[in-house]
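Participant: I'd like to ask you about the structure that follows.
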Ligand SMILES: Nc1ncnc2c1ncn2[C@@H]1O[C@H](COP(=O)(O)OP(=O)(O)OP(=O)(O)O)[C@@H](O)[C@H]1O
Ligand SMILES: [Zn+2]
């Protein structure tokens, strides 16, 4: 339903954009400096705007094939534990992909490389006294498991560099034949930056392109390695230039091209990869394919820092929190909310207090959902609800969320719209002890519950399993809590039953049965004892509801009328 509504909403914008689109053609002249300007792709507009690092501004997102986005992302270099910096980048892009798929009806075809041969892998494998293959495969498996535990949808394919070296050799050979790379007498191959003239430098920005260290026979200090001759004891492959292994940048150009051919809609990665890695990928790919614009959109995510640190979290700086350690204290849902609360392009500070903020936001939503359900079931009795106003607020929220997400995936704005809806819903749920004859409006709360569940599900936040996040992964355990609460409710209702006639001490109200007092006190004790264990029981008149929390709750004594 949500998707159909969205599609019709964006149909108009789509037609307008498509008619303005300019076609991108392979110029065949990669040295033409004027070809540096970004050209709006031809194809189908999605109605979204995305910030394109190639133009440093928001551009209409236009896909070569209607309803399909080809998406390549640089994966990790697997020589150490995956950390929260990785989590941040891959969860943020996962959220973007879910938005495209679920809200805008776009099929995302996502391919990711795993860098499993590299200087750092070789160095670490020597330190650990294991082979580079074994080391890489241990950390690759761990990375994939960590991504699953963060509920990141896996790409359609993961591709390892070591399984694609034959493609890489052929790709380098193609670049040499096109006149954009050269082999040295030592057996290295370098990209010839001067051969592409002014086309190099899309992402340089403030960075001074010193170039990487390498052979003294490089033609230009900025030339970078496509192929490195192997040193003793290093892994190697045979090639026309002798034994060696691929440079870092060439793996992405080759592997992206082997999956998607000469044209790509979206390329993503952390902002640290923009220069030189993505710059060099573009140079290689356009030199190989002899085209003017290989990838149409580059999306870069901001860095995660430990709060107060200038440096990004990274393996090489050893300033990281591993994903596994993080998940001992917080849940995947909470991490997603933490990510959603900032724009994907912003730098983000990680700290306990920022996680507490995310936790509180999630609990606010969960508590509203529980209360709204209790209201629907008639367990929570409330003053009359302004139903028409709530329906209007719901419709406004849907449209604000959609507008925010179509505007370069503005998730903080979308979450804020949802939180405002929760706030307004809460304001309407004013409990009363009796509601005889009061009109009820369960349907509008049902609609709010459905929408909030659905939009959070789009973001990958699974409210149904929020309970599972806090340590009760088994649905059976939830069943036990349900039964326990039900039993307690019956005992409590029995203890709160009143004697038939008013007594002289309480002439206007029938008294409770004094001998049932201990039962009532036991019900209170059970409620208080369960709270630190993460089970929050709420008594609502004669019935009770429950929800799972993080277990830090302390419960006040209920003002019960204890039988004397
Ligand atoms: N702190 C971070 N914040 C956001 N994204 C990050 C962070 N660290 C790494 N990434 C992103 O994760 C992906 C994989 O990065 P990579 O394996 O190079 O991690 P790394 O820890 O930076 O490693 P190294 O320290 O060896 O460079 C890249 O897209 C990178 O931009
Ligand atoms: Zn890459």
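Participant: Let me check I have the definition right: for the range 366-463, take the eigenvalues of the Cα gyration tensor, multiply each by 5, take square roots. What are those semi-axes in whole Å, largest first?
Facilitator: For the range 366-463, the semi-axes come out at 27, 13, 10 Å.
Participant: Can you tell me which of 181-190, 284-293, 88-97 comes out highest on packing, and rank the rest after it, using the mean Cβ neighbours within 10 Å?
Facilitator: The most tightly packed comes first, giving 88-97, 284-293, 181-190.
Participant: Please order 411, 367 by the number of other Cβ within 10 Å, starting at the fewest.
Facilitator: Final ranking by Cβ density, sparse to dense: 367, 411.
Participant: How many percent of all Cα-Cα pairs in the range 42-350 sit more than 34 Å apart?
Facilitator: Taking all Cα-Cα pairs of the range 42-350, the fraction more than 34 Å apart is 21 percent.
Participant: Please arrange 486, 352, 167 by counting, for each residue, the other beta carbons lying within 10 Å of its beta carbon, fewest first.
Facilitator: Ordered by Cβ neighbours within 10 Å, fewest first: 352, 486, 167.
Participant: With each label point set 7 Å from Cα along the Cα-Cβ vector, what nm distance links residue 387 and residue 194?
Facilitator: For the pair residue 387/residue 194, the computed spacing is 8.0 nm.
Participant: Using 0.36 nm times the number of residues separating residue 107 and residue 123, minus their current alpha carbon distance, what extension gain do you get?
Facilitator: 1.8 nm
Participant: Next up: Please grab the % of Cα pairs in the range 171-307 that end up more than 25 Å from each other.
Facilitator: 26 percent
Participant: Something else: How high is the FRET efficiency between residue 230 and residue 430 when r is their beta carbon distance and R₀ equals 56 Å, given to the nearest 0.05?
Facilitator: With a Förster radius of 56 Å, E is 0.15.
Participant: Roughly speaking, what is the stretch gain from residue 243 to residue 166, that is 0.36 nm per residue apart minus the C-alpha to C-alpha distance, in nm to one decimal?
Facilitator: That works out to 26.5 nm of additional length.
Participant: Let me ask something else about it. Report, in whole Å, the centroid distance computed from the Cα atoms of the range 114-170 and the range 358-418.
Facilitator: The distance from the Cα centre of the range 114-170 to that of the range 358-418 comes to 42 Å.
Participant: What FRET efficiency would be calculated for the residue pair residue 42, residue 317, taking the C-beta separation as r and a Förster radius of 41 Å, to the nearest 0.05?
Facilitator: Rounded to the nearest 0.05, the efficiency is 0.45.
Participant: Shifting gears a bit: Go ahead and run the numbers for FRET between residue 217 and residue 130, Cβ-Cβ distance against an R0 of 30 Å, rounding to 0.05.
Facilitator: Step by step, r from the Cβ atoms, then E = 0.30.
Taken together, the values in this text are just the output of simple stated rules run on the coordinates, not laboratory data. These numbers were taken from a predicted model, which means no experiment stands behind them. Here the Cβ is made from the backbone with ideal geometry for all residues, glycine too, and neighbour counts use every protein chain on show.
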